[in-house]
């Protein structure tokens, strides 16, 4: 039966339609509730990004201070001059006036004014005086926005440690980069309502959010000590014609870096930003990032291991005939004439390779490696600085006796300078290894301390007794051995020299040395350790005892002066005339010189060509003199 | 009719129902006035920046409102029953306009679609005329063939004409109006008494067609995904919708106040036309949105009442069809603005800027007033 299509049915159908439409309207109200009430806050915050144009107000970057409160880095007020081209009425006249005030060409400024952008920066880092002049011109559409430029009162002092910021004042490298999160403040803003193109809308209210300055950092660095170290590395490089010279001073009882410098360097107020290669080269802090073969300074740790391991005592004797044979391989002592019979103290004073080969071999690789690892070798020191290297130690399982013997006197191992001095501090401070650090304290702009460093103990590689024994052995090196040029009158100094040949492509690079001296003072109760490195001294004077030791002594002496250390009554130094030994055999010459009480370093073997100082000059008893010989032609 | 009207003098109760529907007139005028205000608020910044006159769009809208009111009055005076005879002429004009718009050089191209005819004083959107044209044709057809409406054969002419209009509109292309006409056709068939299982014969192929369109035209697919996750492409497909969300979300419950919309600062495209509801939501909040939706519901309710009281099937279908058209278009517009369906461009009746839409919808209301004027309560009692 066919369904009828009555008016009643139409009424019903109309009802269905209106009910359906009403139902759908209600569904849409639900959707509106979701968007406007539930998601309203979220959507508004998202939309706020586009509703406001914000003009940043630069936050001043935190200051960097030394441990005495001297300013190492702060800010100078500068201005950024920018224009809104749309608002500039007479572009030509404005360009003329602006270029005069800013010292730019008229064409350049007019070009900027003609850009189809809402805002164009015309000049950055404009001095306040110049900005005043620009403001005085009263040009429409030209604005001066205040900002800051980093200012380094000491210029090229500590430059590789402080590092620098980019043009936007963000820390790039060094401590400026490492502690950027502390130093950079929070920029403030001027908000105003804007349309899609950033044009300010009518009736817009400007809201102001002030900038918050960055935190001030207090470093463990001391400007006076740093200055002495900067002078020393500069003078040493000049004297020895070296590729570079560098030095670190560390507080032995905390690990705080008191000074760190190398030369060549650069001026933080005049950074060669245009020459990226040069900048990378100059700004690299190789004391932290690079490794070198330490040579004899490393013997300190072999001694420490041997004393701790009980393989040597005061009665032990060693015989050096100029070389030793390990597993069929002959390894020479630096003094090819041999040191003869020595006890441990003599061995350390003479820096006799044979002694340390014997010590390393009698310890065995397990015990030596354990001590070296306990001193932190092969690991980063956790210094608060970018790019630290871990150093290179041969894998323990592949170390053969020949390698072990070499490691014993500082070869076949590579360390960073910061690693070495950190370990030396542990060796002489009673046996505690601290993590080195730069940052002493961070304070908020309101003066609140938000970070304070407390010394971080990383381990106890040796006992206090072994440490004490080491100190006295190392005092012997400066008092009577190869470190004599590091001595400071009236102050007891201990230390060790090191001269290592450089390698290039796995082969010894002839005539290229890294000469170093590591020392500490006052020796009975050490406060500071200093490591001085002369990289590739030119000429024949390349021994650490001759090149690095005197400068390490100078640094320790100036620390003693600035900290007012009491000097013991100075012993009268005895001076003699340098004997004439030219033309003699090297053996004869060394025998004569040592009989007068001088220490000798030799270059070459055979007939003596010359000495430094030359014959007849005044020389203090106990000083190190250089004997240069050539092989006998006959 | 005249006969009935003459008699009505004796029955005051009948007299009252056979009058101008004043509440309908009032809600129409209120929506038109609110539309002018909102078009001004939403467009003044854009008009100032791009035309140098903040009243540019408002003046155009005022012109459309005046023309619309004239059309409304004219159509209410005209006896709607004359439209039965004119049904083929009206359908013919609608189809011709839809064809004309497709001819390059005649149809004005905008945003990659030909939808407008430039008549000099007005740009006419052919599909707007066609929507009401189809309501008139369908009402006439269904009233004359009311007994056949329960058979498939009886539905075919309506489906054929509706399908033709849909195809022509789709060629512009204008997906949203196509959808609107298709839904309108379905609703008219429901009112006309078609059996629900017969309607499946339209719904299933239509759904299939939608799927085919989406698959064959990948840009539609992209737009579909944009609606599901506008955050995935905040600067491309999702941009328009996100800007609409920002406006609605910024409005909250009570809105930011008249003229205080931020999204009108060129962030929200089509803020004065297809997306004017977003600006309403921003300036008057959810409360304002609900009031506007209630106004539309009330309008639909009045139209359905006119349909119920109409003196003949044609008047009933005509008013019911107008109610359906307004309901569908408002629903689609708000659903688009709130991201409930894929974004398509369709104006909010009586409020969005656009003269042809205003004139056509006002004319449609006038047509329903004509039905109301000529209704007779006793007709119902007699049947």
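The number of residues in segment A:362-385 that are in a helix (DSSP H, G or I) and touching a strand residue (DSSP E or B) at 6+ places or on another chain (Cβ under 7 Å) comes to 1.
Applying the criterion of at least 1 residues that are more than 14 Å from chain B (Cβ to nearest Cβ) and closer than 30 Å to residue A:281 by Cα to the strands (runs of 3 or more DSSP E) found wholly in segment A:142-239 leaves A:142-151, A:216-219. Here segment B:265-292 is the region considered, the condition is being within 11 Å of chain A (Cβ to nearest Cβ) and within 18 Å of residue B:234 (Cα to Cα), and the residue that is surrounded by the most Cβ atoms within 10 Å (Cβ to Cβ) is B:278.
Please tell me if residue A:311 is crowded, with 23+ Cβ neighbours inside 10 Å and more than 18 Å from residue A:501 (Cβ to Cβ). When the stated conditions are applied, residue A:311 does not pass them.
Taken over segment B:255-264, the residue count meeting the criterion of being within 7 Å of chain A (Cβ to nearest Cβ) and either at positive phi or touching a residue at least 40 places away in the same chain (Cβ under 8 Å) (or both) is 0. For segment B:293-307, a tally of residues being buried (at least 20 other Cβ atoms within 10 Å of the Cβ) and more than 10 Å from chain A (Cβ to nearest Cβ) returns 3. Whether a residue is assigned to a helix (DSSP H, G or I) and over 48 Å from the mean Cα position of the chain (by Cα) was assessed, and residue A:93 passes this test.
Just wondering, is there one or more residues in segment A:3-26 that are within 7 Å of chain B (Cβ to nearest Cβ), over 30 Å from residue B:193 (Cβ atoms), without any contact (Cβ under 8 Å) to a residue 24 or more places away in the chain and in a helix (DSSP H, G or I)? No - not one qualifying residue is present in segment A:3-26. Taken over segment B:231-254, the criterion of being within 20 Å of residue B:333 (Cα to Cα) and facing chain A (nearest Cβ under 10 Å) is satisfied by B:242, B:243, B:244, B:245, B:246, B:247, B:248, B:249, B:250, B:251, B:252.
This table checks each residue for (1) within 13 Å of chain A (Cβ to nearest Cβ); (2) buried (at least 16 other Cβ atoms within 10 Å of the Cβ); (3) in contact (Cβ under 8 Å) with a residue 12 or more places away in the chain; (4) touching a strand residue (DSSP E or B) at 6+ places or on another chain (Cβ under 8 Å).
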{"residue": "B:96", "(1), (2), (3), (4)": "no, no, no, no"}
{"residue": "B:100", "(1), (2), (3), (4)": "no, no, yes, yes"}
{"residue": "B:119", "(1), (2), (3), (4)": "no, no, no, no"}
{"residue": "B:127", "(1), (2), (3), (4)": "no, yes, yes, yes"}
{"residue": "B:157", "(1), (2), (3), (4)": "no, no, yes, no"}
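The requirement of being within 14 Å of chain B (Cβ to nearest Cβ), over 24 Å from residue A:138 (Cα atoms) and under 55 Å from the mean Cα position of the chain (by Cα) is not satisfied by residue A:71.
All conditions but one from (1) within 14 Å of chain B (Cβ to nearest Cβ); (2) touching a strand residue (DSSP E or B) at 6+ places or on another chain (Cβ under 6 Å) apply to residue A:79; the one that does not is (1). When restricted to residues that are under 17 Å from the mean Cα position of the chain (by Cα) and surrounded by 21 or more Cβ atoms within 10 Å (Cβ to Cβ), segment A:153-172 contains 10.
Annotation note: of A:47, A:58, A:101, the sole residue that is surrounded by 16 or more Cβ atoms within 10 Å (Cβ to Cβ), in contact (Cβ under 8 Å) with a residue 60 or more places away in the chain and under 28 Å from residue A:211 (Cβ atoms) is A:58.
In the set B:335, B:295, only one residue is modelled with pLDDT under 95 and more than 21 Å from residue B:134 (Cβ to Cβ); that residue is B:335. Just to be sure before I move on: is residue A:46 under 60 Å from the mean Cα position of the chain (by Cα), closer than 30 Å to residue B:292 by Cβ and within 14 Å of chain B (Cβ to nearest Cβ) in the structure I sent? It is true that residue A:46 is under 60 Å from the mean Cα position of the chain (by Cα), closer than 30 Å to residue B:292 by Cβ and within 14 Å of chain B (Cβ to nearest Cβ).
The values are calculated or read from the model by the stated rules, or taken from the named source; none is laboratory data. Values in this document were obtained by computation on a predicted structure and should not be read as measured data. Don't worry about glycine lacking a Cβ; one is built from the backbone with ideal geometry, like all the others, and counts go over all protein chains shown.
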